[in-house]
Amino acid sequence: MAGNDDGAHDAPYTIKQQLEWATGILYSISCSAALDSEVLLAFCLQKNRSYLMTWPERELTSDQYEHFHDLIRKRLQPQPVAYLTGSREFYSMELTTTPATLVPRPETEMLVDSVLDLIAGLPAQKILELGTGTGAISLAIKKYAPESEILATDISLPALQVAQSNALKHHLDITFIESDWYQSVQRTKFNIIVSNPPYIAASDPYLSQGDLPAEPLQALSSGETGLEAINVIIQGAKEYLQNEGWILLEHGYDQQQAVTGIFLQYGFRDISTLRDFNDLARVTLARK
Ligand code: GLN
C-alpha cells in the first residue's frame, strides 16, 4: 500500500494517496502536517498546491515518488519545510531560505506593518535593521517604502549572502554589512531601528522542540535570560537614533514587562506593545 510508513513502492501512487500517507506520518512532528505534505509534493512536482487539488488521481512518476519520500524522510528529522524547498513567503515575497537563516515567521510581518505605519507620508527615512537573516524585514519595508534608505546587518556572513541574493531577486536596493549588532555600523543617525533579535532563554525547553533545533541557535537565543541581545540593542539605540526616532523590537510573548523596563531604564518614551494574531504580546516600540 502507498500508506506504508516505510514508503515501500507499491502501485498506484496517486497525488491523493501520497498526500494522505505523508500527512499521516508527519502528524508526529508537525502541527501543519497536511499543509507541509502539500507544499512538499507541489515542490516535487514543480506545480502549485491547487494543481494537487485539481488532479488528485494523477500518478507520480517513480522519480517524483523517490524525491517526495526523500523529502518526507528529511521533514521527519525534522527539517523545516522552508529549508527543504529553499524558500518561504513573507509579506507576499518569495524569499530564499537556508539553514544559515531563521525561517521568517508570519508574526514578524507585524514589525513591517508597524514601521510602514510610522513612516507613511514622511520624507525618505533612514532605517537600520539589526540581525536581518533572510533580509525579510528590510526587503518588505523597501518594497512598500521604496524611497527609504535601509542598512541591514547580520553577524553571519552566510546569512548576509542569502539576504543579498533575496534583495537581488526582488530588485531592492539595500545596503548589507557584517556586524555584531552596532559594532560595524558607522555613527550616523537613523530615523528608525528595527530588529527581530534572538530572544529565547537558553534554558527554554522550547529551543529543543519542533523545527527549532534545525535553525541557527544564534538567531534564536542570545543567552541565559533571552534578553541579552534586546539589552544591547536598546542601550545602543540612543547613539544611533535621531531625536524623536523610533525603535521597534519583536520579543517573546512573556517579555513585554521586561522589554518595557529596559526601554524605561534607557530613557525612552511613548512605549507601547502590540499583540500578534494569537493575541500574544509580540512587538514593543518606543521613541527617543
Ligand atoms: N519567534 C520565534 C519563535 O518563537 C523566535 C524568533 C526569535 O528568536 N527571534 O520560534
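The values are calculated or read from the model by the stated rules, or taken from the named source; none is laboratory data. Every value quoted in this text rests on a predicted model; they were computed, and no experiment measured them. FYI the Cβ positions are ideal-geometry reconstructions off the backbone, even for glycines, and counts take in every protein chain you see. SASA here: full protein model, heavy atoms, side chains in, ligands and nucleic acids out. Shrake-Rupley method; radii C 1.70, N 1.55, O 1.52, S 1.80 Å.
Looking at (1) in contact (Cβ under 8 Å) with a residue 40 or more places away in the chain; (2) open to solvent by 20 Å² or more (accessible area, probe 1.4 Å); (3) of a type outside the set (Phe, Trp, Tyr); (4) near the ligand (Cβ under 10 Å from one of its atoms), which is the one condition that is false for residue 195? Result: residue 195 fails condition (2) only. If I go through segment 104-135 residue by residue, how many of them are within 16 Å of the ligand (Cβ to nearest atom), open to solvent by 10 Å² or more (accessible area, probe 1.4 Å) and aliphatic (A, V, I, L, M)? Of the residues in segment 104-135, 1 are within 16 Å of the ligand (Cβ to nearest atom), open to solvent by 10 Å² or more (accessible area, probe 1.4 Å) and aliphatic (A, V, I, L, M). Sort out which residues of segment 222-258 are among the hydroxyl-bearing types (Ser, Thr, Tyr) and out of contact with any helix residue (DSSP H, G or I) (no Cβ under 6 Å at 6 or more places or on another chain), and write them in order of number. Hits for segment 222-258 are 225, 240, 253.
When residues in segment 121-140 are screened for being touching an Asp or Glu at 6+ places or on another chain (Cβ under 9 Å) and either part of a loop (DSSP other than H, G, I, E, B) or hydroxyl-bearing (Ser, Thr, Tyr) (or both), 8 of them pass. Summed over segment 202-222, the residues that are surrounded by 13 or more Cβ atoms within 10 Å (Cβ to Cβ), more than 10 Å from the ligand (Cβ to nearest atom) and over 18 Å from the mean Cα position of the chain (by Cα) give a count of 1.
Of the residues that make up segment 68-87, is at least one within 16 Å of the ligand (Cβ to nearest atom) and over 15 Å from residue 134 (Cβ atoms)? Reasoning before the result, please.
Here is the first cut: in segment 68-87, the residues within 16 Å of the ligand (Cβ to nearest atom) are 78-83.
So of that shortlist, the ones also over 15 Å from residue 134 (Cβ atoms) come out as 78-79.
Yes, the conditions are met somewhere in segment 68-87.
With respect to (1) more than 21 Å from residue 136 (Cα to Cα); (2) open to solvent by 30 Å² or more (accessible area, probe 1.4 Å); (3) within 15 Å of the ligand (Cβ to nearest atom), the lone exception for residue 287 is condition (3).
Checked against (1) open to solvent by less than 10 Å² (accessible area, probe 1.4 Å); (2) closer than 23 Å to residue 26 by Cβ; (3) in contact with a helix residue (DSSP H, G or I) (Cβ under 6 Å, 6 or more places away or on another chain), residue 81 passes all but a single condition, namely (1).
From the list 281, 237, the lone residue that is within 16 Å of the ligand (Cβ to nearest atom) and surrounded by 18 or more Cβ atoms within 10 Å (Cβ to Cβ) is 281. Among the conditions (1) among the aromatic types (Phe, Trp, Tyr); (2) away from the ligand (no atom under 16 Å from the Cβ); (3) in a loop (DSSP other than H, G, I, E, B), residue 176 misses just one, which is (3). So is residue 231 surrounded by 18 or more Cβ atoms within 10 Å (Cβ to Cβ) and within 12 Å of the ligand (Cβ to nearest atom) or not? No, not satisfied.
Does residue 62 satisfy the criteria of being open to solvent by 10 Å² or more (accessible area, probe 1.4 Å), more than 16 Å from the ligand (Cβ to nearest atom) and at positive phi? Spell out the reasoning first.
Values: open to solvent by 10 Å² or more (accessible area, probe 1.4 Å): yes; more than 16 Å from the ligand (Cβ to nearest atom): yes; at positive phi: no.
No.
Residue-by-condition table, conditions (1) basic (Lys, Arg); (2) under 23 Å from the mean Cα position of the chain (by Cα); (3) modelled with pLDDT under 95:
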| position | (1), (2), (3) |
| --- | --- |
| 51 | no, no, no |
| 55 | no, no, no |
| 58 | yes, no, no |
| 71 | no, yes, no |
| 75 | yes, yes, no |
| 92 | no, yes, no |
| 112 | no, yes, no |
| 143 | yes, yes, no |
